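Asker: This structure is in structure tokens; I'll ask about it shortly.
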Amino acid sequence: MIENPDSHRKTPLRKASLRSFVRCLLIGVTLLWSLATLILVAARWIDPPTTAVHMERHLQAWIHRRPYHERYQFVPLSQVSPDLQHAVIAAEDARFYQHHGFDWHAMQIAAEDDMDGGRIRGGSTITQQLVKNLFFGTGRSVLRKGAGYYYRTSARNIDRQQSAQLAAILPLPLKRRPDHMQHYSGLILERMRQVGW
């Protein structure tokens, strides 16, 4: 049997190419993760100039040949009503103060419900939602509307009931209106009361 001399050269070359590809992939992932971490840390002091949600909405408006108007204003947390802060936490991430960004229990329950064919529910935390909106877009929801849009008041002056109603529309802001969310906002108010807010 005659051995092909080229077959021995191809094997080391293939292994080197695979190693090079894996190394480049790992470097790329590490750089992206580092950039994301840097952006999140910087967001503590610097308002982001844009987000994936903004870019997504701008692209959708361009595709549909409609004007796009960003309607938001950054407000320091100290100028947001504590009732609104508590209502959002009660509605979106009741265990916010008990985890470090990932609520493994809520994710497990959501996954089990999904596998059982039950109601699709979210298991993401406020932290995960922030990352998703900054870097990945929404896929189904629009920019969150605020106190000024619905109640013609500043975020600082929004009351307890209005806070619960705004928190109630967060999962589906295109389909929900605060004044139609009496039942869910009542549940949010009850959660707030149970926690002592």
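Values quoted throughout were computed directly from the atomic coordinates according to the rules given, and no laboratory measurement underlies them. Remember, it's a predicted structure, so these values are computed and weren't measured experimentally. Here the Cβ is made from the backbone with ideal geometry for all residues, glycine too, and neighbour counts use every protein chain on show.
Asker: Simple spin-label model, 7 Å along Cα-to-Cβ: residue 153 to residue 47 in nm?
Answerer: 2.2
Asker: 7 Å from Cα along Cα→Cβ at both residue 62 and residue 100: what's the point-to-point distance in nm?
Answerer: 4.0
Asker: How much net charge surrounds residue 55 when only other residues with a Cβ under 14 Å from its Cβ are counted (Lys, Arg +1; Asp, Glu -1)?
Answerer: Net charge around residue 55: 0.
Asker: Quick one: dipole size for the range 146-197, taken about the Cα centre, charges +1 on Lys/Arg Cβ and -1 on Asp/Glu Cβ, in debye to the nearest 20.
Answerer: In debye, rounded to 20, the range 146-197 gives about 80.
Asker: Find which of 82, 195, 52 sits farthest along the positive direction of the dipole of the range 52-195, computed with +1 on the beta-carbon of Lys and Arg, -1 on that of Asp and Glu, about the Cα centre.
Answerer: 52
Asker: Oh, and also: Taking the Cβ of residue 103 as the centre, find all other residues whose Cβ is under 9 Å away and add up their charges (Lys, Arg: +1; Asp, Glu: -1). Provide the component values of the computation, followed by the final result.
Answerer: On the way: positive: 95; negative: 93.
Overall, the nearby charge balance is 0.
Asker: What number comes out for the charge environment of residue 77, summing +1 per Lys or Arg and -1 per Asp or Glu over other residues with Cβ under 12 Å away? Walk me through the numbers before you get to the answer.
Answerer: On the way: positive: 44, 156; negative: none.
It works out to a net charge of +2.
Asker: Spin-label point model (7 Å from Cα, Cβ direction): what's the residue 40 to residue 15 distance in nm?
Answerer: Going from the residue 40 label point to the residue 15 one covers 3.8 nm.
Asker: If you don't mind, another one. What list of ³J(HN,Hα) values in whole Hz, one per residue of the range 74-83 in order, does the Karplus curve 6.51 cos²θ - 1.76 cosθ + 1.60 (θ = phi - 60°) give from phi, with Gly and Pro shown as x?
Answerer: For the range 74-83, the Karplus-derived couplings read 5, 10, x, 4, 5, 9, 10, 3, x, 4 Hz, x marking Gly and Pro.
Asker: Further question on the same structure: So if we plug the beta-carbon distance of residue 73 and residue 187 into 1/(1 + (r/R0)^6) with R0 = 41 Å, what FRET efficiency do we get, rounded to 0.05? Numbers along the way, then the final one.
Answerer: Working: r = 29 Å, r/R0 = 0.71.
Efficiency, rounded to the nearest 0.05: 0.90.
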